Amino acid sequence: MKKWGSLALTLTLGAGLVLSGCGGGNNASSNNSAATSSPASTATAGASTQDTLVVGRGGDSVSLDPAIITDGESLKIDHQVFDSLLEYKPGTSEVEPSLADSWEVSPDGLTYTFKLHPGVKFHDGTDFNAEAVVFNFQRWSDPKSEYKFEGDSFDYYDSMFGPDGSRVIKEVKAVDDLTVQFTLNQPQAPFLQNLAMTSFGIASPSAIKEKKANFKNEPVGTGPFVFKEWKHNDSITLDKNTSYWKEGLPKLNKVIVRSIPDNSARFNALQNGEIDLMEDLSPDDLSTLEGNSDLQKIERPPFNVAYLGFNFKKKPFDNVKVRQALSYAVNKQAIIDAFFAGQAEPAINPMPPSLWGYNDQVKDYEYDLDKAKQLLAEAGYPNGLPDTVTLYAMPVSRPYMPDGKKVAEAIQADWEKIGVKTVIESPEWATYLDDTKAGEKDDIYMLGWTGDNGDPDNFIYTLLDKDSIPGNNRDFYVNEDLHKILIEAQKETDQNKRADLYKQAQVIIKEDAPWIPLVHTTPLLAAKANLKGFVPDPTGTEYYSEVYFE
């Protein structure tokens, strides 16, 4: 890879001018006024009679070290325990200060200097400072770090800042106790957007050194809530950080996040008062929810994609005609009508239409079984595939996929019509993610993605570039032309030019068909009517720090 001149970025925590990033954002907001009302100026917040929030969700976390996970169930807990240098304005992907109060960028875009917020403490009482930031970034970037424990991989760091040997970040150094400087090897347009991600929450170096591999079970950050207890496959309890550096937050004393896999059971728990807020409401329950005055509907801004991925390590899925044939044999609209109750639209590209750079000129593979059979014949399979295909179906409900097994069964029925037989497997969630990452057991898998930072790079480069193998590119798909375009788009600072590059990328991806994009959804949540201060976020990781009860 061509070596580029170094780029330095200095970040200082403290007052000062904030320069916004080059990337665009999805500034969608919920139309649910009850859920998004701010309690900041009300007396009600201070006089709340309920100080514990109980959340119901579809699956458990995999790990609580934000650096080593990629799943949303883990990130939503880490979002409460950790702060990153920057954060997103609630309900948007607009970057604003967090642990860093301000930053400056050099004219060549290679140096970022951040001023850190003074007086911040980790939950273990140790100081947050520039050296702590350096420790975290060195841990993530060094494949031989003594703090990379058995089984760990820093997939998000590799996906957002390039793999070892092609790193965007050249050096991170402490200029003084409250000033951090980043030097880059090449400009990266979404750099600030990336830094704000929960995956780059700053962890206590002392806790990592002390707990070692067990840090993933006992996380220590600077966030509004302190980790208390994890009962695996049952619940996670978080306590109020009484020394939180943001004055007046959090408003709650405790958060309990319960794992309730069955959608109906989760909704029943809400109706019975066992939980206060539930994620991933089944569209079938929407009418019941809307008829209950004690509950409120919350719509998360649509910013996701659910998809089927082909495992390129397995034949015949390395054959583009086979992939295209199976793409023609999925009836997306029928799936939406049967399982999404109008809360989804067919997906054509690997990124949602609400995101800048979306290519609306790309045409989808329409549902056409005759065309599918024709392509299979051209690929050498006139009677269909001779071997049974292993289809991994998601075992947990997610914002983009309320019931993965039922959707898989519908696809299974259609594929059988063209001579493709499948066996559906749905191992436990953590195993599911491990298996699809390894690519040894699945032929085709079901997954989805909710955007992290409002930038197209976070969908296309993160999920489909060769740099994301092994990791988020679970297809093991490699296209050199696509790679060149995506790297060029990262370096380009003109958003219009970047948008054109991402549109070119979508054309390549549609032709290669490494995925069958299925749907983009408007995820539904439900809560007690008196829950306030909850702002649904397009990234799917909301803050609980502002939540209170009337």
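Summary of values
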{"read-out": "Selected residue (only one of Gly201, Gly162 is within 22 Å of Val105 (Cα to Cα), surrounded by 24 or more Cβ atoms within 10 Å (Cβ to Cβ) and touching an Asp or Glu at 6+ places or on another chain (Cβ under 8 Å))", "value": "Gly201"}
{"read-out": "Residue tally, condition of a type in the set (D, E, K, R) and touching a strand residue (DSSP E or B) at 6+ places or on another chain (Cβ under 6 Å), over region 532-549", "value": "1"}
{"read-out": "Any hit, region 205-218, residues being β-branched (Val, Ile, Thr) and touching a Leu at 6+ places or on another chain (Cβ under 8 Å)", "value": "no"}
{"read-out": "Residues satisfying the stated conditions in region 316-342, i.e. small (Gly, Ala, Ser) and either in contact with a helix residue (DSSP H, G or I) (Cβ under 6 Å, 6 or more places away or on another chain) or not in a helix (DSSP H, G or I) (or both)", "value": "Ala325, Ala329, Ala341, Gly342"}
{"read-out": "Count - residues of region 486-531 that are under 26 Å from Pro346 (Cα atoms) and touching a strand residue (DSSP E or B) at 6+ places or on another chain (Cβ under 7 Å)", "value": "12"}
{"read-out": "Filter result (touching a strand residue (DSSP E or B) at 6+ places or on another chain (Cβ under 8 Å) and modelled with pLDDT of 95 or more) within region 281-298", "value": "Leu289, Glu290, Asp294, Leu295, Gln296, Lys297, Ile298"}
{"read-out": "Residue satisfying all of: in region 65-121; among the hydroxyl-bearing types (Ser, Thr, Tyr) and more than 20 Å from the chain's Cα centre (by Cα); surrounded by the most Cβ atoms within 10 Å (Cβ to Cβ) among these", "value": "Tyr112"}
{"read-out": "Pairs where the first residue, in region 496-513, is without any contact (Cβ under 8 Å) to a residue 60 or more places away in the chain and the second is of a type in the set (S, T, N, Q), C-beta under 8 Å, 6+ apart", "value": "Ile508/Asn479"}
{"read-out": "Matching option when the condition is surrounded by fewer than 23 Cβ atoms within 10 Å (Cβ to Cβ) and at pLDDT 95 or above, among Val507, Val547", "value": "Val507"}
{"read-out": "Unmet requirement for Val407, which otherwise passes all of (1) at pLDDT below 95; (2) buried (at least 22 other Cβ atoms within 10 Å of the Cβ); (3) aliphatic (A, V, I, L, M)", "value": "(1)"}
{"read-out": "Lone qualifier among Leu85, Leu116, Leu110, Leu99 - being in contact with a His (Cβ under 6 Å, 6 or more places away or on another chain), in contact (Cβ under 8 Å) with a residue 40 or more places away in the chain and not charged (D, E, K, R)", "value": "Leu99"}
{"read-out": "Considering residues of region 283-336 that are under 18 Å from Ser264 (Cβ atoms) and among the hydroxyl-bearing types (Ser, Thr, Tyr) only, the residue surrounded by the fewest Cβ atoms within 10 Å (Cβ to Cβ)", "value": "Ser287"}
{"read-out": "Search result, residues across region 299-313 that are in a loop (DSSP other than H, G, I, E, B) and modelled with pLDDT of 95 or more", "value": "Asn311, Phe312, Lys313"}
{"read-out": "Subset of region 204-229 that is in contact with a helix residue (DSSP H, G or I) (Cβ under 9 Å, 6 or more places away or on another chain) and in a strand (DSSP E or B) - its residue that is surrounded by the most Cβ atoms within 10 Å (Cβ to Cβ)", "value": "Phe225"}
{"read-out": "Test for Glu279: is it of a type in the set (D, E, K, R), free of Cβ contacts under 8 Å to residues at least 24 places away in the same chain and outside the structural domain of Val396 (by TED's automatic domain parsing)", "value": "no"}
{"read-out": "Condition check for Asp280: surrounded by fewer than 21 Cβ atoms within 10 Å (Cβ to Cβ), more than 30 Å from Val478 (Cα to Cα) and of a type outside the set (Ser, Thr, Tyr)", "value": "no"}
{"read-out": "Selected residue (criterion: farthest from Pro395 (Cα to Cα)) from residues of region 247-277 that are at pLDDT below 95 and exposed (fewer than 15 other Cβ atoms within 10 Å of the Cβ)", "value": "Ser264"}
{"read-out": "Selection from region 343-374 of residues that are outside any loop (DSSP other than H, G, I, E, B) and more than 21 Å from Ala408 (Cβ to Cβ)", "value": "Asp370, Lys371, Lys373, Gln374"}
{"read-out": "Selection within region 349-386 - crowded, with 19+ Cβ neighbours inside 10 Å and of a type in the set (Val, Ile, Thr)", "value": "none"}
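The values are calculated or read from the model by the stated rules, or taken from the named source; none is laboratory data. Quantities reported herein were computed from a predicted structural model and do not represent experimental measurements. So basically every Cβ, Gly included, is an ideal-geometry build from the backbone, and we count neighbours across all protein chains shown.
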